[in-house]
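Scroll down for the structure; my scribbles are underneath it.
The values are calculated or read from the model by the stated rules, or taken from the named source; none is laboratory data. Nothing here was measured: the structure is a model prediction, and the numbers come from that model. Cβ atoms come from the backbone with ideal geometry, glycine included; neighbour counts cover every protein chain shown.
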Amino acid sequence: MSKTGTEKANPWRVPVAVAQIPETGLHRDIEADQAIRKAMADTGDLREVLSAQASFDVTPKSGGRFHVAGHVRARIGQTCVVTLEEIENEIDEPIDLIFAPPEQIPQMAALVDDAEASDEETPDPPEPIESGVIDLGRVATDALYLAVDPYPRKPGAVFEPMVEAANPEDHPFAALKALKAAAPKRPRARKPKGK
């Protein structure tokens, strides 16, 4: 079975229909299996994803909005940018998002823009509820990718630039010196001796 572009871009799918979320909210613990972790590694340009799990609390809010809070935890394999050795890194990323019906997004984005103009802390714009579904797998995957260190280093690894010994022949006037050495020797004109 071939994967569509959407499935490839979104390797971990855990859809929750908002119509089925009780008024008291719901709690979900999810864990990615080996095939999903491999797809996550491929999509996120990681060497490997050794483990990935997330916990969520989804709470209904007024106006058809939902608050999604939780954590994603993962262990990923990367390559040290200094030593080029394989290393593993832990990710523990908090999640705190508001999901809203798509028709509310422009209005809520305008409120975020207004808040940016003031001195108050700016809230994040809401995420759209797509086709009546909040995809917790995608939320976890996005949070994991955002938490990845793009320049991972092995503990204690320090980048030291290569220092080349200065070549005494490598200076601004080296070319002139070479031309002078290559030029044929002319006999010097003698000064006449005084009378």
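Miscellaneous remarks
- In this structure, Gln53 does not satisfy being under 20 Å from Pro128 (Cα atoms) and surrounded by fewer than 16 Cβ atoms within 10 Å (Cβ to Cβ).
- Any hit, the stretch 31-54, residues being among the hydrophobic types (A, V, I, L, M, F, W, C), in a loop (DSSP other than H, G, I, E, B) and under 15 Å from Leu136 (Cα atoms): yes
- Qualifying residue in the stretch 82-89 (condition: at pLDDT 80 or above, surrounded by fewer than 16 Cβ atoms within 10 Å (Cβ to Cβ), among the aliphatic types (A, V, I, L, M) and touching a Phe, Trp or Tyr at 6+ places or on another chain (Cβ under 8 Å)): yes
- Restricting Asp92, Asp57 to residues that are modelled with pLDDT of 95 or more, within 26 Å of the chain's Cα centre (by Cα) and under 20 Å from Pro126 (Cα atoms) narrows the list to Asp57.
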